[in-house]
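S.K.: Mind looking over this structure? Questions follow.
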């Protein structure tokens, strides 16, 4: 069955620390990969996406993600987090022939001053 | 450009009743998808509409239904509400048939008592 796994459910970091959130998927065929963020009280926003081409993609607010096809992974990274990065982060996958985003369970990130 | 709008934002219903939620996509977007977000199950795909046709449906009972109008606005209906239907219902719109990036609305918070 198609699935998306996010390894860390809760992450606590101090400001300026580096961030890496893991995401693995189980899908056959070509996929489109996304990271969405949900800030407290706000709606889901797209951080970055990968459809094809360069496996290292850059998104908004200094985030980037690397698609490693052999590992079925799409990990999210940020070199230095800020307090304002406190949010819930969701990895999502859709196949090229599909119409539905399949989300991971999410990772709650708390950045302390 | 105005974002995805959803009405109402909050709703309280009694078990056994039915409810209709509304979604207006971003202007020019013809694909509308619906998701249910709960603390236990996370974000789950309900269904997707494109040009007034349901293109895909998630694993939800028949009590959950939807439709799309010629102006791309969409409604979803839940009949015979159960306590477990309490959730945040999110609508997302896309320029293509849901396979590409989706833009989410703020959601409708449904509480079933």
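Where a number appears in this text, it was derived from the coordinates with a stated rule and is not lab data. Please read these numbers as outputs of a predicted model, since none were measured by experiment. Cβ sites come from the backbone with ideal geometry, for glycine too, and all protein chains shown count toward neighbours.
S.K.: Mind listing whichever residues of the range B:90-111 are within 18 Å of residue B:6 (Cβ to Cβ), more than 12 Å from chain A (Cβ to nearest Cβ) and more than 13 Å from the chain's Cα centre (by Cα)?
M.R.: The answer is B:111, and nothing else.
S.K.: Next question, about the same structure. Quick check: is even one residue across the range B:68-89 facing chain A (nearest Cβ under 8 Å), surrounded by 17 or more Cβ atoms within 10 Å (Cβ to Cβ) and either under 15 Å from the mean Cα position of the chain (by Cα) or without any contact (Cβ under 8 Å) to a residue 24 or more places away in the chain (or both)?
M.R.: No, the conditions are met nowhere in the range B:68-89.
S.K.: Would you mind telling me which numbered condition in (1) over 26 Å from residue A:89 (Cβ atoms); (2) crowded, with 19+ Cβ neighbours inside 10 Å residue B:33 fails?
M.R.: (1)
S.K.: Among the residues of the range B:33-67, what is the count of those that are in contact with a strand residue (DSSP E or B) (Cβ under 7 Å, 6 or more places away or on another chain), within 12 Å of another protein chain (Cβ to nearest Cβ) and not in a loop (DSSP other than H, G, I, E, B)?
M.R.: 19
S.K.: Report those strands (runs of 3 or more DSSP E) wholly inside the range A:8-113 carrying at least 3 residues which are at negative phi, within 13 Å of chain B (Cβ to nearest Cβ) and crowded, with 21+ Cβ neighbours inside 10 Å.
M.R.: Here the list reads A:31-38, A:87-95.
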